[in-house]
Each structure stands twice: as C-alpha cells, then as structure tokens.
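The values are calculated or read from the model by the stated rules, or taken from the named source; none is laboratory data. The model shown is predicted, which means the values in this text are computed figures rather than measured ones. All Cβ positions, glycine included, derive from the backbone under ideal geometry; neighbour counts span all protein chains shown.
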Amino acid sequence: MNDLPVTTLFMLVSADGKISTGATDERDFDKDLPKIKGVSEGLTQYYELEKQTDYYSFNTGRVMAKVGWNEEKAGIEQIDVIFVLVDNKPHLTERGVANLLKRTKKLYIVTTNKEHPAASIKDAGLEILNYENDIDFRDLFKKLKTFGADRVTIQSGGEMNTELMRSGLIDFVSLVVAPVMVGGQATSSLLDGRSLATEGDLKLLRSLELLSADKLDNSYLHLTYKVLK
C-alpha cells in the first residue's frame, strides 16, 4: 500500500510557462489577467476546473498573503476544502490565519517557525505541524495520508513546485494554458529554484507522459500529464 497521497500540480500558466504577470507581489494572474483583452474572455474556464480539484489543497503562506488573505475581509464564505500551507517566514499574519480558518474546513500550517502567528490562535479547525530546521516534505505527505488525504492538489509557487517535483512528490501535472506571453527573467515560472549545472544534475529532471490535451474556448488549452518516476 502506498503511504503517500496521489498528488496533482494544478496551475494556470502563460504560453511561455509563467505563473504571474510580473516579478513583484503586486503582480498576480488573478488580479491582472481579467484586464487583458484576449485573455479575460476565457479565464472562467480555469476557475471552473479549479472547483474540480482535490479536497486537500497544498499551498504556501506567501501565495496566500500575495492574493490578499492578510487583509481585512467581511462575509468570508467557507468552501469544502482543507488547506495545507507551508509558511516559515512567516508571510501570514494572525488576521490572515483567522481569515483562512473561516474559508476552509480545516487549516494545517506547516512551519519551522516556533513563533508563527498561528501559535496564538486557539481554534478546533487549526493544526500546526512543526519541523525543527527544514521541512521533510516526504514525511509531511506521509502525515497527510494518515490524516485522510488520499489525493492532494498542489498550487504553490515556482520554488516550492520545483522542490516537490525534484523530490518525486508530484504524480500528475494539470495545466490550464492562457493565450498570453509574459516574459521576464525574474518573473516566476511553473518551476523556479536552483538551475541545473552539471551532468549529474540531470537526474533531477522529470519526464512526462501526456494523458490529454483539450482545446478550450477562447484559445485556452488544458494539458494533463503523468509524471514518470
């Protein structure tokens, strides 16, 4: 029996593989793409596919802070999902954690920061998973499986995506490709992090098997791959 959940990296990407419109936290697909003629018209297809993702959703505190969860919010609607958020710095504030507790059925904060703002919150829906120095992601995903996470959708940033991919912790890749070119060396891509340099590094590459390629409306594509282990 596999002691790890089945994982899918589900992302909205540009045709050149970017996952943001720029290099600062002010730039964001959710904020910017609705303003772009030729892109905005088909964007709802991504959000409809996102609703079909797994009950367990893996992300980072940085991403959640970037999309505004630290801000004051009223009328937060709970959705039927469990969030697993890696947040060491921390990027989330106490208000951000409180907002997310209203949004999700259960919130796991994974951190090496013993003074994370979540530590001051007492809530039955909150669980903090502490690691000493570095997060052991294989151990983390094993824990998630014991919690009932048979399947997990990953929607984190480029560096975290690379960490998980190179560690062999991503089973499938599901990409919604928007008809736009972004560019920019510092703009985050689907996989960021350390670039490969030596022939020995080639073992970190992950080959993919194409499972489906669906042409959506308004020049969007939905590509699904199996990651070959």
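Would you say residue 84 is touching a residue at least 40 places away in the same chain (Cβ under 8 Å), in a helix (DSSP H, G or I), under 14 Å from the mean Cα position of the chain (by Cα) and under 30 Å from residue 221 (Cα atoms)?
No: the conditions fail for residue 84.
Output the residues belonging to region 99-141 that are buried (at least 16 other Cβ atoms within 10 Å of the Cβ), of a type in the set (A, V, I, L, M, F, W, C) and without any contact (Cβ under 8 Å) to a residue 24 or more places away in the chain.
Once the filter is applied, which keeps residues that are buried (at least 16 other Cβ atoms within 10 Å of the Cβ), of a type in the set (A, V, I, L, M, F, W, C) and without any contact (Cβ under 8 Å) to a residue 24 or more places away in the chain, region 99-141 yields 119, 128, 129.
Given the conditions (1) over 27 Å from residue 56 (Cα atoms); (2) without any contact (Cβ under 8 Å) to a residue 60 or more places away in the chain, and given that residue 223 satisfies all but one, which numbered condition is not satisfied?
Here residue 223 meets the rest and fails (1).
Just checking, does region 209-216 include any residue being surrounded by fewer than 11 Cβ atoms within 10 Å (Cβ to Cβ), more than 16 Å from residue 9 (Cα to Cα) and either of a type in the set (Ser, Thr, Tyr) or at pLDDT 95 or above (or both)?
yes
So which residues in region 183-202 are in contact with a strand residue (DSSP E or B) (Cβ under 8 Å, 6 or more places away or on another chain) and more than 20 Å from residue 50 (Cβ to Cβ), if there are any at all?
Just the residues of region 183-202 that are in contact with a strand residue (DSSP E or B) (Cβ under 8 Å, 6 or more places away or on another chain), to begin with: 183-184, 187-190.
Scanning region 183-202 gives 183, 184, 187.
Give the residues of region 48-81 that are in contact with a helix residue (DSSP H, G or I) (Cβ under 9 Å, 6 or more places away or on another chain) and part of a helix (DSSP H, G or I), sorted by residue number.
Of everything in region 48-81, those that are in contact with a helix residue (DSSP H, G or I) (Cβ under 9 Å, 6 or more places away or on another chain) and part of a helix (DSSP H, G or I) turn out to be 61, 62, 63, 64, 65.
Among the residues of region 200-219, write down those that are in contact (Cβ under 8 Å) with a residue 40 or more places away in the chain and either assigned to a strand (DSSP E or B) or farther than 30 Å from residue 167 by Cβ (or both).
Of everything in region 200-219, those that are in contact (Cβ under 8 Å) with a residue 40 or more places away in the chain and either assigned to a strand (DSSP E or B) or farther than 30 Å from residue 167 by Cβ (or both) turn out to be 216, 217, 218, 219.
Among 72, 41, 50, which is the only one that is within 30 Å of residue 2 (Cα to Cα), modelled with pLDDT of 95 or more, of a type outside the set (Ser, Thr, Tyr) and surrounded by fewer than 17 Cβ atoms within 10 Å (Cβ to Cβ)?
50
Looking only at region 137-165, which residues are among the aromatic types (Phe, Trp, Tyr) and part of a loop (DSSP other than H, G, I, E, B)? Working first, answer last.
The first filter runs over region 137-165 and keeps only residues among the aromatic types (Phe, Trp, Tyr), leaving 137, 141, 147.
Result: 147, single match.
Here is a list: 209, 159. Which entry is charged (D, E, K, R) and under 16 Å from the mean Cα position of the chain (by Cα)?
159
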